[in-house]
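Please read the structure below before turning to the comments.
The values are calculated or read from the model by the stated rules, or taken from the named source; none is laboratory data. Since we're looking at a predicted model, the values are computed, not measured. We work out accessible area using only protein heavy atoms, side chains counted, and drop any ligands, DNA or RNA first. Shrake-Rupley method; radii C 1.70, N 1.55, O 1.52, S 1.80 Å.
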Amino acid sequence: MKKLIIISLAALLAACTTTGNIDLSNRNSFGLKCSHNANSEPNWEGCMATAQQLCAPQQVGNIQQLPPVGSGAPDDSYFMTFSCH
């Protein structure tokens, strides 16, 4: 599970470097890949459950649901960013 989260976070950072939507200086900010690819439906509920597990016992906050960026890259997908409070 940790490997999947790390890979998802790396893919999120790679996909979002051009959009500027993520504050990389905030170590309390996380991201999850919520779909298999840009053409598949996102699983927002599954991502939220994973976010809650990552943040426990803290609460999930500052949630953003991000659509694919349209780059055509294999990791281009729906992502969710959040922070723990």
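For this structure, a couple of remarks:
- Rg ratio for segment 29-84: its Cα radius of gyration over 2.2 N^0.38 Å, N being its residue count, equals 1.13.
- Relative contact order, percent, segment 29-84 [alpha-carbon distance under 8 Å, six or more residues apart]: 49 percent
- Whole-percent carbon and sulfur share, accessible surface of segment 29-84, 1.4 Å: 48 percent
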